[in-house]
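The structure under discussion appears below in the form of structure tokens.
The values are calculated or read from the model by the stated rules, or taken from the named source; none is laboratory data. The model shown is predicted, which means the values in this text are computed figures rather than measured ones. Reconstructed Cβ throughout: ideal geometry from the backbone, glycine too, with neighbour counts over all protein chains shown. We work out accessible area using only protein heavy atoms, side chains counted, and drop any ligands, DNA or RNA first. Shrake-Rupley method; radii C 1.70, N 1.55, O 1.52, S 1.80 Å.
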Amino acid sequence: MLISELDENTLTDHQIASLLFKGLDDDQQKGDCILVVGSSKAVQYRLPKAVELYHSGRAGKILCSGGVKWDGLEHAEAIALKNEAVKMGVPEKDVLVEDLSLHTKENVLASLLILDRAFSLHQIDRLLIVTTAFHMKRLHLTLKTYVPSWINFTLCPVNDRTTRADNWFQSEPGRKRAEAESRKIIMYVKQGALVDEEIYL
């Protein structure tokens, strides 16, 4: 079934689970760079995974993406991520920063310029992608839509507390977030803003 064939107003739990969480396994490959995108809690949930991938030798650079400055936080997402990565032992020279983007599509588009300056896009073979599990499908579709076709992606999702494959349906915040995320994906696909693809129910 194609994503565009789903009805965002009558989604079943099974459809939500298949859309958001199926097929997101880390294939363990190495890449040129780790892309970690920001959120209000990205330092807590997403960054440790990116740093772990770096320290295990999976890629030699981390690109921190995100320009939103959340209430109560001193810096934009990418700066906060970079500062914490350095504290966690990543050399400053290995941390790239994209601090203009305000949402997922801009994360991808703005990161392309940073990647081109650091590597030259035509030299990049593979990016390791880090975000929370419930956000990974939309980020992956955005990458597939807007990034050059020769660049491959290894997906490295991380779990937050309430919106994981095994518990999103058990709490009101988790359910609301999963339902909203699913509706966004379907809406963007139907608008043509994201590439359509088969999902397996």
Within the stretch 159-201, tally of residues that are of a type outside the set (A, V, I, L, M, F, W, C) and either open to solvent by 80 Å² or more (accessible area, probe 1.4 Å) or outside any loop (DSSP other than H, G, I, E, B) (or both): 20
Qualifying residue in the stretch 1-23 (condition: farther than 27 Å from Glu172 by Cα, touching a residue at least 24 places away in the same chain (Cβ under 8 Å) and either of a type in the set (Asp, Glu) or open to solvent by 20 Å² or more (accessible area, probe 1.4 Å) (or both)): yes
Residue count, the stretch 123-151 (criterion: loosely packed, with under 15 Cβ neighbours inside 10 Å, not in a helix (DSSP H, G or I) and not hydrophobic (A, V, I, L, M, F, W, C)): 3
Within the stretch 46-76, considering residues that are assigned to a helix (DSSP H, G or I) and either without any contact (Cβ under 8 Å) to a residue 40 or more places away in the chain or touching a Lys or Arg at 6+ places or on another chain (Cβ under 6 Å) (or both), the one least open to solvent (accessible area, probe 1.4 Å): Val51
Tabulated pairs, the stretch 80-96, first in contact (Cβ under 8 Å) with a residue 40 or more places away in the chain, second among the polar types (S, T, N, Q) and part of a helix (DSSP H, G or I), C-beta under 9 angstrom, 6+ apart or interchain: Leu96/Ser111
Per-region count, the stretch 77-122, residues in contact with a Leu (Cβ under 6 Å, 6 or more places away or on another chain), open to solvent by 40 Å² or more (accessible area, probe 1.4 Å) and within 18 Å of Ala42 (Cβ to Cβ): 1
Test result for Thr132, within 28 Å of Asp32 (Cα to Cα), touching an Asp or Glu at 6+ places or on another chain (Cβ under 6 Å) and not basic (Lys, Arg): yes
Residue within the stretch 83-102 that is farther than 17 Å from Cys156 by Cβ, modelled with pLDDT of 95 or more, assigned to a helix (DSSP H, G or I) and touching a Ser or Thr at 6+ places or on another chain (Cβ under 8 Å) present: no
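The rows are residues; the columns are (1) within 14 Å of the chain's Cα centre (by Cα); (2) within 19 Å of Phe119 (Cα to Cα); (3) hydrophobic (A, V, I, L, M, F, W, C).
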site	(1), (2), (3)
Asp13	no, no, no
Ala17	no, no, yes
Arg58	no, yes, no
Gly66	yes, no, no
Ile79	no, no, yes
Val86	no, no, yes
So Gly31, is it of a type in the set (Gly, Ala, Ser), in contact with a strand residue (DSSP E or B) (Cβ under 6 Å, 6 or more places away or on another chain) and either at pLDDT 95 or above or buried (at least 22 other Cβ atoms within 10 Å of the Cβ) (or both): yes
